[in-house]
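Structure first, commentary second.
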Amino acid sequence: MHSKIFQITQTRVDKDNYLNEDTLMQGDNSHFDYCAEIDNEERKEYIGYLVNHVLPKGMFELTSEDTILYKGGTEKWKEEFVSEIRKRAEAITPDKMQDWIGPVYQLEKFLKDPLDTGYWFYTDAEGVQSYAEQSYEFLREIFALEPGTTLYIGGVIDYHF
């Protein structure tokens with residue numbers, strides 16, 4: 001399956017430091033079979049989709065083709081997140097706990113990727129970090145910011161897993 005990795009930082013990313021197909025570890029013992037660069041039109045399309053359909057509704061605004069305004073509003077999302085954790089945990093029973101894609105797996109998957117997209121996030125503006133994170137870790141970083149913080153989008157790459 002294919003998905004995307006977004007480089008999103010608090011400082012503008014120099015084009016020489018954009019996330020690219022060679023930045024992250026790929027292959028054996030990696031989350032990514034391989035990474036591939038996408039063209040600029042696809043990049044714009046996926047950035048728009050990220051802001052308008054994936055990130056929590058109303059908390060982010062696309063202010064240019066490569067900047068996002070974090071508007072705040074985390075309390076409601078946090079309440080919904082905790083409620084969903086409880087709901088998924090209640091579905092775990094002794095007879096279902098070892099099911100291959102059962103409730104334990106679903107809870108684990110949700111805890112790592114509550115946006116349920118398969119998108120990963122790379123938050124290094126220098127392009128030297130060797131890993132990306134799933135949506136929970138990304139949102140934890142973002143929710144620590146002050147509303148009104150501008151975020152910058154660098155590289156956007158395709159990956160296969």
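The values are calculated or read from the model by the stated rules, or taken from the named source; none is laboratory data. These numbers were taken from a predicted model, which means no experiment stands behind them. In this analysis, Cβ positions are derived from the backbone assuming ideal geometry, glycine residues included, and neighbour counts consider all displayed protein chains. In case anyone asks, the SASA skips ligands and DNA or RNA and just uses the protein heavy atoms, side chains included. Shrake-Rupley method; radii C 1.70, N 1.55, O 1.52, S 1.80 Å.
Brief remarks on what is shown
- Kirkwood Rh in Å, taken over all unlike Cα pairs in the range 116-161: 12.0
- Residues of the chain: accessible area per residue with a 1.4 Å probe, Å²: 59
- Axial C-alpha extent at least 30 Å, average Kyte-Doolittle at least -1.0 - helices from the chain (DSSP): none
- Under the simplified labelling scheme, the Gln129-Asp39 pair shows an inter-label distance of 3.0 nm, with each label point 7 Å from Cα along Cα→Cβ.
- Each principal axis of the Cα cloud of the range 44-161 was evaluated for its coordinate range; sorted largest first, these ranges are 50, 32, 24 Å.
- Between Phe81 and Ser64, full extension at 0.36 nm per residue minus the direct alpha carbon distance yields a gain of 3.2 nm.
- Carbon plus sulfur fraction of accessible area for the range 2-145, probe 1.4 Å, in percent: 47
- Contact order normalised by residue count of the chain, Cα under 8 Å, 6+ apart, percent: 50
- Amide proton proximity set for Ile38, modelled H, under 5 Å, gap of 5+: Asp158
- Sparsely packed loop sites in the range 50-124 (the trypsin sites (Lys or Arg not before Pro) outside DSSP H, G, I, E and B with at most 14 other Cβ atoms within 10 Å) comprise Lys57, Lys71, Lys96.
- Calculated mean residue ellipticity, 222 nm, the chain: -9000 deg cm²/dmol, from DSSP H runs (n ≥ 4) at -39500 (n - 2.57) each, averaged per residue and rounded to 500.
- Each residue of the range 6-23 is assigned a 3J(HN,Hα), and the resulting list reads 10, 8, 10, 9, 8, 10, 4, 8, 5, 4, 5, 9, 4, 3, 9, 5, 9, 5 Hz, derived from the Karplus form 6.51 cos²θ - 1.76 cosθ + 1.60 (θ = phi - 60°), x at Gly and Pro.
- Exceeding the 26 Å Cα-Cα cut-off - candidates Lys44/Lys109; Lys4/Lys87; Lys78/Lys112; Lys4/Lys96; Lys15/Lys112; Lys57/Lys87: Lys44/Lys109; Lys4/Lys87; Lys4/Lys96; Lys15/Lys112
- Annotation: the range 23-92 has a Kirkwood hydrodynamic radius of 15.2 angstrom, from the mean reciprocal C-alpha pair distance.
- The local environment of Glu65, defined by Cβ-Cβ distances under 14 Å, has a net charge of -2 under the rule Lys, Arg +1 and Asp, Glu -1.
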